[in-house]
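Q: Got a structure for you, questions after.
The values are calculated or read from the model by the stated rules, or taken from the named source; none is laboratory data. Remember, it's a predicted structure, so these values are computed and weren't measured experimentally. In this analysis, Cβ positions are derived from the backbone assuming ideal geometry, glycine residues included, and neighbour counts consider all displayed protein chains. When the accessible area is computed, the model is the full protein with side chains, heavy atoms only, and any ligands, DNA or RNA have been set aside. Shrake-Rupley method; radii C 1.70, N 1.55, O 1.52, S 1.80 Å.
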Amino acid sequence: MLPGGESLLSRAVGQARLLSRQVRVVAGCGYPLVRYRCALQPGAWIYHPDWSQGLAGSLAAGIHQLGRQALGVFVVLADQPLLAPEGLKQLAAQARAEPERPWGASYGDRVGVPAWIPRSLWPQVVALAGDAGAGRVLNRSGAGAIDIAGVQPDVDTPESWQEVRRLLAEQT
């Protein structure tokens with residue numbers, strides 16, 4: 001739990017709501033317990049039974065659940081609880097102004113998630129395999145870069161988890 005008792009997933013749902021009112025969560029490992037423990041519920045849950053095959057499968061599962069009317073998809077991960085709301089709002093504004101162009105968070109010399117992936121790139125994202133994320137497709141396609149404070153550190157190790165918890169505790 002994060003300082004204040006919020007889970008990483010609840011935080012991510014809140015972040016995603018800054019991008020769109022239609023928030024969906026793709027979950028696999030630990031589902032339905034993850035769903036039960038998520039205090040801030042998304043609009044829909046997508047169960048992905050092949051979660052152990054990597055991030056690419058989760059991206060594809062989410063994309064396959066979107067309707068024909070969707071112009072694109074915002075991608076937010078649950079391991080980035082430090083994302084600044086202002087940066088997310090800027091990402092949403094750019095995606096709405098130019099929905100045919102991909103947009104991603106700036107990581108200096110590359111872009112990554114959070115990101116906006118227009119429908120035209122979905123076949124490339126769905127073709128990814130293993131732990132390949134959307135960043136590969138975003139960078140090949142010349143995605144626009146948005147400065148979003150807090151993209152680093154993400155929560156990938158016990159050490160980064162402790163660092164994120166320390167940083168959040170300092171903010172409160």
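Q: Pick from the stretch 141-172 the residues that are within 14 Å of LEU8 (Cα to Cα) and touching a helix residue (DSSP H, G or I) at 6+ places or on another chain (Cβ under 7 Å): which of them is modelled with the highest pLDDT?
A: VAL155
Q: Which residues, counting only those in the stretch 66-81, are more than 26 Å from GLN162 (Cα to Cα) and either within 16 Å of the chain's Cα centre (by Cα) or surrounded by 17 or more Cβ atoms within 10 Å (Cβ to Cβ) (or both)?
A: Listed by number, the residues that qualify are LEU66, GLY72, VAL73, PHE74.
Q: Residues that are modelled with pLDDT of 95 or more and part of a helix (DSSP H, G or I): does the stretch 79-86 have at least one?
A: yes
Q: I'd like to verify a number: residues in the stretch 143-164 that are in contact (Cβ under 8 Å) with a residue 12 or more places away in the chain and open to solvent by less than 80 Å² (accessible area, probe 1.4 Å), how many?
A: Number of matching residues: 12.
Q: Among the candidates ARG35, ARG21, single out the residue that is out of contact with any Cys (no Cβ under 9 Å at 6 or more places or on another chain), open to solvent by 20 Å² or more (accessible area, probe 1.4 Å), farther than 20 Å from PRO81 by Cβ and not in a strand (DSSP E or B).
A: On the way: ARG35 fails: farther than 20 Å from PRO81 by Cβ.
From the options ARG35, ARG21, the qualifying one is ARG21.
Q: Also, quick follow-up: Just checking, does the stretch 152-168 include any residue being in contact with a strand residue (DSSP E or B) (Cβ under 7 Å, 6 or more places away or on another chain), hydrophobic (A, V, I, L, M, F, W, C) and over 15 Å from ALA78 (Cα atoms)?
A: no
Q: A further question follows. Please enumerate the residues belonging to the stretch 82-98 that are in contact (Cβ under 8 Å) with a residue 24 or more places away in the chain and open to solvent by 30 Å² or more (accessible area, probe 1.4 Å).
A: Of everything in the stretch 82-98, those that are in contact (Cβ under 8 Å) with a residue 24 or more places away in the chain and open to solvent by 30 Å² or more (accessible area, probe 1.4 Å) turn out to be PRO85, GLU86, LYS89, GLN90, GLN94, GLU98.
Q: Okay, next question. Six or more apart or on different chains, Cβ atoms under 7 Å: show the pairs whose first residue is in the stretch 5-19 and hydroxyl-bearing (Ser, Thr, Tyr) and whose second is open to solvent by less than 20 Å² (accessible area, probe 1.4 Å).
A: Close Cβ pairs (under 7 Å, with a partner that is open to solvent by less than 20 Å² (accessible area, probe 1.4 Å)) amount to SER7/CYS38; SER10/CYS38.
Q: If you don't mind, there's one more thing I want to ask. Could you go through the stretch 7-16 and let me know if any residue there is within 18 Å of ILE117 (Cβ to Cβ) and out of contact with any helix residue (DSSP H, G or I) (no Cβ under 9 Å at 6 or more places or on another chain).
A: If we filter the stretch 7-16 for residues that are within 18 Å of ILE117 (Cβ to Cβ), which is where we start, we get 12, 15-16.
Keeping just the survivors that are out of contact with any helix residue (DSSP H, G or I) (no Cβ under 9 Å at 6 or more places or on another chain) gives 12.
Yes, because at least one residue in the stretch 7-16 is within 18 Å of ILE117 (Cβ to Cβ) and out of contact with any helix residue (DSSP H, G or I) (no Cβ under 9 Å at 6 or more places or on another chain).
Q: When the residues of the stretch 117-142 are narrowed to those that are hydrophobic (A, V, I, L, M, F, W, C) and free of Cβ contacts under 8 Å to residues at least 60 places away in the same chain, which ends up surrounded by the fewest Cβ atoms within 10 Å (Cβ to Cβ)?
A: ALA127
Q: When GLY54 is evaluated against the numbered criteria (1) touching a residue at least 40 places away in the same chain (Cβ under 8 Å); (2) buried (at least 18 other Cβ atoms within 10 Å of the Cβ), which criterion, by number, is the only one it fails?
A: So the condition that GLY54 fails would be (2).
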